[in-house]
Amino acid sequence: MESPTLTQQAANNTKEQFANSPDLQSELENAIIAAYDAHTLMSTQALDSKAVQQALKDILLNHALLWEALRAKATESPAR
């Protein structure tokens, strides 16, 4: 969380005092909303674009090693 107000409060207060700051609650809510908005926008863009979907599939298969991870998981535990 990037917040000059919270940074200053963390520097000048105990952890307990900081945890009770009303600014912490509002900054947390703002961060959650910002993350939600960003994920919603990205999801909409991905759903609306076959090119984005293909790029995501490429990343999952060739860089994140999705197939290898799932195959390893399947061989570690018996099928149900």
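Please treat every number below as a calculation from the coordinates, not as lab data. Quick caveat, the model's predicted, so the values are computed rather than measured. Note: ideal-geometry Cβ built from the backbone for every residue, glycine included; neighbour counts use all protein chains shown.
Have a look at L66, L6, L56, L61 and point out the one that is surrounded by 11 or more Cβ atoms within 10 Å (Cβ to Cβ) and within 17 Å of the chain's Cα centre (by Cα).
Only one candidate qualifies: L56.
Quick check on my filter: what residues within region 21-35 are surrounded by 11 or more Cβ atoms within 10 Å (Cβ to Cβ) and not hydrophobic (A, V, I, L, M, F, W, C)?
S21, D23, Q25, S26, E27, N30
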